[in-house]
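Beneath this line is the structure, given in structure tokens, with notes to follow.
The values are calculated or read from the model by the stated rules, or taken from the named source; none is laboratory data. Note that the coordinates shown come from a computational prediction; the quantities given were computed from them, not determined experimentally. Backbone-built Cβ (ideal geometry, glycine too); neighbour counts: all protein chains shown. When the accessible area is computed, the model is the full protein with side chains, heavy atoms only, and any ligands, DNA or RNA have been set aside. Shrake-Rupley method; radii C 1.70, N 1.55, O 1.52, S 1.80 Å.
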Amino acid sequence: MGIGIGTGVALSLGEASPWSLLGGAVAALLLVWAAQMLEWAWLAPRRMERALRAQGLRGTQYRFLHGDLTEDLRLVTAARSKPVPMDRPHDFIPRVAPLLHRALEEHVSLYRVLISVRMKMQHLVSDTTKADKFSYFRPSKLNALFNLSGVITSQAYQNNRRMKAIDREIKSILRGIIEKRQKATKNGEASKDDLLGLLLQSNMDYYSDEDGKSSKGMTVEEIIEECKLFYFAGMETTAVLLTWTMVALSMHPEWQDRAREEILQVFGRNKPDINGVSRLKVVTMVLYEVLRLYPPVVMMNRRTYKEIELGGVRYPAGVMLSLPVLFIHRDAAAWGHDAGEFDPGRFAEGVARACKDPGAGAFFPFSWGPRICIGQNFALLEAKVALGMILQRFAFELSPAYAHAPYTVLTLHPQHGVPVRLRRLRSSG
Ligand code: HEM
């Protein structure tokens, strides 16, 4: 009997056509794929959710595949359809991050809220470079591409093909720039003293580690990634800081006057220089206050790569922790009852004294810790010089056409631009 069955199986296998074998293999592969999908899109997020809820975290329920994404897009679209009322202009969190705002309202605490955007659990915790540095870059084209990729990322988190095409184009522009520079160096032209020159130097050098092992510096691919990072991190952020500073100083002309007074006192009509910049107190206070209320980077994310305990909660690997800079910068517990108001005076005695709880670390527009922004001093220097030069020459106010509409395209932008009226100051040259 056993032999009979065995023979039957052997016979039926032997008789099976290549097509049915192929069909069987495809079916098996599909089954494996479906099991992996199920694990990725449902079982793993649900496990994560259960583990976090069991420790007291509250928030929205995980929904298959899209998490809170559909709801997020719906709320964002509605929020972006109208500007912020001008009687409380700095109160724009519900417009910029409506889902998080609602989650916090419903679940009370700023410190721990679950939301499941992009199929992952998120957890809120409390606890320029200018074109001259990249003399070979073509800023307009690159800038347009970076902006476009930002818009696409933020609009739908999809449209992957378009994103990839843009990424390919950015890389190909950068590769072209690098090859041109490499060729120039080979032809004996002096290497340029700029960031790209330094990065390329590393590409050509060998380094020895402590054990004496020698390894090559950065690869061309790494240089491309660094160029992308510096271009985006350096250009966008500083540009929006200056933009929001113009907006804030137009809304609060008394601070515009005070900042101009200081600039004229320190520099007169001369070009701002590095020594004078370090003596600017009011301008620094103004920039800090703008960075507090309008942080260019409104949120930072970190993913746990292994189980970790933070603030008494054990997070499994794969949890996305979101640091909502925008929310923490206006947390009344940290900043006082006037947290939502523009008052550079709060920084009169420095950053630590501006916050009600100096140890809380509630001001981190440039991040914190080992990955803190490496361009922060340069950014502030650049902003002070640019602002100084504007204040020396012009008084400015918002045009009646201006609609106050902060929104995020990776960084915090004015949705409809910022039309301002400039009035040239007499004797400004
Ligand atoms: C107002 C202007 C700026 C703001 C608000 C800002 C903010 C930030 C923040 C929040 C991060 C950390 C992001 C994260 O870890 O998720 C960061 C990183 C970084 N920033 Fe800036 N930044 C500014 C200007 C600049 C400038 C001018 C440069 C370059 C010249 C620059 C270069 C970088 C780089 C290279 C990193 C990555 C550092 C690392 O990962 O180790 N940033 N910046």
What are the residues in the stretch 69-110 that are part of a loop (DSSP other than H, G, I, E, B), surrounded by 17 or more Cβ atoms within 10 Å (Cβ to Cβ) and modelled with pLDDT under 85, if any?
-> L110
Please go through the stretch 27-43 and pick out each residue that is open to solvent by less than 90 Å² (accessible area, probe 1.4 Å) and over 33 Å from the mean Cα position of the chain (by Cα).
-> A27, A28, V32, A34, A35
Within the stretch 152-205, track down each residue that is surrounded by 12 or more Cβ atoms within 10 Å (Cβ to Cβ), among the basic types (K, R) and at pLDDT below 85.
-> R162, K192
Answer yes or no as to whether L280 is of a type outside the set (V, I, T) and surrounded by fewer than 22 Cβ atoms within 10 Å (Cβ to Cβ).
-> no
Every residue from the stretch 352-366 that is part of a helix (DSSP H, G or I) and either surrounded by 13 or more Cβ atoms within 10 Å (Cβ to Cβ) or among the small types (G, A, S) (or both) = A352, A354, P358, G359, A360
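This table checks each residue for (1) acidic (D, E); (2) exposed (fewer than 15 other Cβ atoms within 10 Å of the Cβ); (3) away from the ligand (no atom under 14 Å from the Cβ).
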position: W368; (1), (2), (3): no, yes, no
position: G375; (1), (2), (3): no, no, no
position: E382; (1), (2), (3): yes, no, no
position: G388; (1), (2), (3): no, no, yes
position: L391; (1), (2), (3): no, no, yes
position: A401; (1), (2), (3): no, yes, yes
position: H404; (1), (2), (3): no, no, yes
position: L410; (1), (2), (3): no, no, no
position: H416; (1), (2), (3): no, yes, yes
Having 1 or more residues that are at pLDDT 95 or above and more than 27 Å from L99 (Cβ to Cβ) is the bar; report the strands (runs of 3 or more DSSP E) wholly within the stretch 378-429 that clear it.
-> 394-398, 420-424
Among the residues of the stretch 231-248, is there at least one that is open to solvent by less than 40 Å² (accessible area, probe 1.4 Å), among the small types (G, A, S), within 16 Å of the ligand (Cβ to nearest atom) and at pLDDT below 95?
-> yes
